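Working notes, beginning with the structure itself.
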Amino acid sequence: METHEEFYNTHPPPLNYENDITKVENFVRCHKNEKIVLITSGGTTVPIEQNTVRFVDNFSAGTRGSASAEYFLDAGYAVIFIYRSKSLEPFVRHFVNDSLLDKLEIKNNKSIQVKEDKVEKLLPLLKKYKDAKASNKFISIPFTTLIDYMWLLRGSCMLLDSKYCLIYLAAAVSDFYIPPSEMAEHKLQSKDGPPVMTLHLVPKVMKAVTHNWSRQAYIVSFKLETDSMLLETKSKDALHKYKHQLVIGNLLHSRKYNVKLISPNDIEDILVTDTNKKNGIEIEKIIVNKIKTKHDEFINNI
Ligand code: 9Z3
């Protein structure tokens, strides 16, 4: 398999990379010696044509990442949110199913206001969002393809190498891709018959994250499985292999109400109870509170 160094040597960074990384760099400088979390969220696309019409995608709505971002802000973290373009974003996620226009009304034919019954939900979220922006506690950077993601991850992790930094890898990243050098230049034509293409393995970068780029940081990775028999073993394997602090194991169909927090000495099952559900408590709130405690202990070397 290709090494991550070979991958970065043969795939140039995306066009907006320098701008994006400068944004992260300025943000990190502004929050030196404060707690910062890098959250990755959403899936990655793997284009099958250079002039891309079609691509292979990874499942992820971005709920885990976007909800966690809000709870990390509540917990006092400065948040860098790296997300797949058009997946869920913090704050906005609460309104994706309603139309913006249906929340507004026209006043005296010359101005616009938010409908009375929408204010109760909108106001606290808008306040939190504005506070986070005004205090420069939140930045977000979108990506689309696997290659965009790989560059953003490396560049950001290299800037987050202190015990105050938390890396929270919730994005669902493709394990396979087609190198641009092997892609058709133009849209594949059906008249040419069924396309034959070989997907390559994406080099594993977790080891580089934990051993090279962010050696001092507290690192949380996620393990997604569909077979419950595999979840615990595969999560433990990841922890053992990469020697980081925490793996969060989840199953595709129960991920919204059950996860396992797997650390070197402990396995904790987190379940959203019916009372939690009734009170609108999301699993990400519980996860983030647990991680905050663990990260504080890590900072204080307990
Ligand atoms: C996760 O396991 C996330 O919790 C989900 C969240 C993607 C399931 P949603 O965005 O879903 O709320 O809809 N993320 C990591 C998935 C992943 O690809 N992990 C790799 C693996 O399992 C290791 S890094 O092999």
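Figures for the structure shown
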| quantity | calculated |
| --- | --- |
| Cα-based Rg of the chain normalised by 2.2 N^0.38 Å, two decimals | 1.07 |
| Mean ellipticity per residue at 222 nm, deg cm²/dmol - from DSSP H runs of n ≥ 4 across the chain, formula -39500 (n - 2.57) | -11000 deg cm²/dmol |
| GNM flexibility winner over the chain from Glu116, Glu34, Glu70 (Cα, springs under 10 Å) | Glu116 |
| Charge context of His11, other residues only, Cβ under 14 angstrom, K/R +1, D/E -1 | -4 |
| Pair Met1, Asn109: separation of 7 Å Cα→Cβ label points (nm) | 6.7 |
| Rounded to 5, percent antiparallel among DSSP beta bridges of the range 146-293 | 50 |
| Candidates Pro264, Pro90, Pro194, ranked by Gaussian network fluctuation over the chain, Cα under 10 Å, top entry | Pro194 |
| Spin-label model distance (nm) - Lys128 vs Glu225, 7 Å beyond Cα toward Cβ | 3.2 |
| Entries of Lys103/Lys285; Lys133/Lys256; Lys23/Lys133; Lys234/Lys290 with Cα pairs more than 19 Å apart | Lys103/Lys285; Lys133/Lys256; Lys234/Lys290 |
| Prolate/oblate/rounded label for the range 155-226 (Cα gyration tensor, a/c 1.5) | prolate |
| GluC sites (Glu not before Pro) within the range 162-262: DSSP coil, no more than 10 neighbouring Cβ in 10 Å | Glu185 |
| Listed residue (Asn300, Asn16, Leu239) projecting farthest to the positive dipole end of the chain, Cβ model | Asn300 |
| Sparsely packed trypsin sites (Lys or Arg not before Pro) within the range 1-39, loop by DSSP, other Cβ within 10 Å at most 12 | Lys32 |
| Cα centre as origin, Lys/Arg/Asp/Glu Cβ charges: the chain dipole, Debye | 820 |
| For Lys277, net neighbour charge (Lys/Arg +1, Asp/Glu -1) across residues whose Cβ lies under 14 Å away | 0 |
| Proximal aspartates and glutamates relative to Lys207, as straight alpha-carbon distance under 16 Å, when same-chain residues fewer than 8 apart are discounted | Glu2, Glu5, Glu6, Asp161, Asp175, Asp237 |
| Sum of side-chain charges, Trp213 neighbourhood, beta-carbon under 9 Å (Lys, Arg +1; Asp, Glu -1) | +1 |
| Mean-position separation - Cα centroids, the range 1-55 and the range 123-176, in angstrom | 10 |
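Quick note: the coordinates plus some simple rules give every number you see, no bench work behind them. As the structure is a computational prediction, the values presented were derived from the model and not from experiment. Every residue, glycine as well, gets a Cβ built from its backbone with ideal geometry; the counts of neighbours run over all protein chains shown.
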